[in-house]
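The values are calculated or read from the model by the stated rules, or taken from the named source; none is laboratory data. It should be emphasised that the depicted structure is a prediction, and the values quoted were computed from it without experimental measurement. As a convention, Cβ positions derive from the backbone with ideal geometry for all residues, glycine included, and neighbour counts pool all protein chains shown. All accessible areas refer to the heavy atoms of the entire protein, side chains included, with ligands and DNA or RNA removed. Shrake-Rupley method; radii C 1.70, N 1.55, O 1.52, S 1.80 Å.
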Amino acid sequence: MTFREDGAAALDWAASYLERVGDYPVLAQVEPGEIRSRLPASPPETGEAFADVLRDLDAILLPGITHWQSPRFFAYFSVSASEPGILAELLAATLNSVAFLWRTSPASTELESLTLDWTAQLLGLPQGWHGHIEDTASTSTLAALAAARETTGRNVVVCSEHAHSSVDKAARLLGLDLRKIAGDAEFRLRPDELDLADAAAVVATVGTTSTASVDPVPAIADACAAAGAWLHVDAAYAGSAWVCPELRWSQRGVERADSLVVNAHKWLFTPMDCSLLWSSRPDDLRRAFSLVPEYLRTSDEADSLSDYGPALGRRFRSLKLWAVLRCYGREGLQARIREAVRLAELFEGWVRDEPGWEVCAARHFSLVCFRREGSDADNEALVERVNRSGELFLSHTRLDGRYVLRLAVGNERTTEDDVRRAWEALQKV
């Protein structure tokens, strides 16, 4: 078959998958090693038809897929790869641009800058911030803390006990000492506990992973300014919600950040991976990362985005975000985020009103933390049973030493019926 015929078959497979994804068990119903055992141990000697790849995708790989695109994927922070983003990902792979210099991909370099400016406007961020795309928030945070270390000459990073584990990993990779601050009753960093005399950076979180709590960024910014410490704000999940004016209460103080990360692949309906990193101090990022050997020197008077982060080669990630912004617009993004928040609020009400269940943390955005009356073992068994049923997929955390269930609404295909089915499944098991 030709590329056009194979491509049509692949696109038809993708469209059919999205139409039927809600029919699959959300959590893969296989055991470790099962998928590999069904595949040849050695590569083929001669080429095979692409149709054979699609056949084995259905027969062998699909049973081992945990369906992040399912409308009843409620674990971690659920995500959507939207149709415009999927098609743009195909186009980006077709072009196969490698934008390590401006001249190696002027369109990719300039579209990335423009798209970050567009997104900043949609989210209400300050004008003039420099933005670029990394793969994940882990890399964005690593880049920000490397710039903080380079700029301050200090070796300590401070965060809440509820900060994401990417801060721990970045500190380990950079040789930084990590100091964690206990959270308050609402699982937020306590500014009165900050001692920043030797701190290179503080990581404040808007939308923590466990509870979507919001650290008091204005007070943290005051402490950073007084101590000369870098302020990095992790809004990987919740930052997308700022496209809705009524949710910008959580943005207070962020305008004083030195760096900010928002993951477009979490709640801006862009396929994985697309992590947006802005900085009000781009020159400091550039000093930390710019390294130009002779073979990369050019006469172009243009920025290379590789000077602002750890990666040299860069995929054309902005194309998929640009496609989503154009095809959805501000109104489309707002409608989808507001619906996710409404559905989470609805689920929270069912839990609160049902005897024998409790809400365990204030609901922020589209995350509900809850549990059934009983022991931690009972609740852990409940999660395991409901996940193994295939009806939905939940994750958990621990709050105040207790095992707590998390339901996060974020998939644009999730309906009220999907949330109701999740609640009924929980009650049934």
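Descriptive notes on the structure:
- 3J(HN,Hα) from dihedral phi, the range 44-61, Karplus parametrisation 6.51/-1.76/1.60, rounded to Hz, x for glycine, proline: x, 6, 10, x, 10, 6, 4, 4, 5, 5, 5, 4, 6, 4, 5, 7, 10, 7
- By average C-beta atoms within 10 angstrom, highest first, the peptides 168-175, 62-69: 62-69, 168-175
- Note on the chain: with a GNM built from Cα contacts shorter than 10 Å, the maximum mean-square fluctuation among Ser275, Ser108, Ser299 falls on Ser299.
- Surface accessible to a 1.4 Å probe, per residue, for the residues of the range 318-368, Å²: 43 Å²
- Sum of -39500 (n - 2.57) over DSSP H runs of 4+, divided by residues of the chain (222 nm, nearest 500): -12500 deg cm²/dmol
- Lysine pair count for the chain (Cα-Cα distance under 27 Å; residues 8 or more apart in sequence or on different chains): 4.
- DSSP-defined antiparallel bridges as percent of all bridges, the chain, nearest 5: 60 percent
- Projected onto its three principal axes, the C-alpha set of the range 110-183 covers 36, 27, 21 Å, listed from the longest axis down.
- C-alpha center-to-center spacing [the range 322-352, the range 1-52] in angstrom: 31 Å
- Heavy-atom accessible surface of the range 45-200: percent carbon and sulfur, 1.4 Å: 54 percent
- Solvent-accessible area assigned to carbon and sulfur over the range 276-335 amounts to 47 percent, based on a 1.4 Å probe.
- Residue list for the range 389-406, given a label point 7 angstrom along the Cα-to-Cβ vector of Ala381 and an amide N cut-off under 13 Å: none
- For the peptides 82-93, 260-271, the ranking by packing is 260-271, 82-93, with the highest mean count of neighbouring Cβ atoms within 10 Å listed first.
- Surrounding net charge for Val158, when Lys and Arg each add one and Asp and Glu each subtract one, Cβ distance under 12 Å: -2
- Spacing of the two label points (7 Å from each Cα toward its C-beta) at Leu346 and Val359, in nm: 1.6 nm
- With only the Cα atoms considered, the chain has a convex hull volume of 166 Å³ per residue.
- Distance between the C-alpha centres of the range 140-157 and the range 183-221: 17 Å, rounded to the whole angstrom.
- If you wrap the range 141-188 in the convex hull of its Cα atoms and look at it from every side, the mean projected area works out to 3.2 nm².
- ³J(HN,Hα) computed for each position of the range 292-307 - Karplus, 6.51 cos²θ - 1.76 cosθ + 1.60, integer Hz, glycine/proline x: 10, x, 4, 6, 10, 7, 9, 8, 5, 9, 8, 5, 10, 5, 5, 6
- Sorted peptide list for 421-428, 33-40, 209-216, criterion being average Cβ within 10 angstrom, highest first: 209-216, 421-428, 33-40
- Phi angles across the range 262-273 convert, under the Karplus curve 6.51 cos²θ - 1.76 cosθ + 1.60 with θ = phi - 60°, into 3J(HN,Hα) values of 9, 8, 5, 7, 8, 9, 10, 6, 9, x, 4, 10 Hz, Gly and Pro given as x.
- Among beta bridges identified by DSSP and lying wholly in the range 114-202, the antiparallel ones come to about 10 percent.
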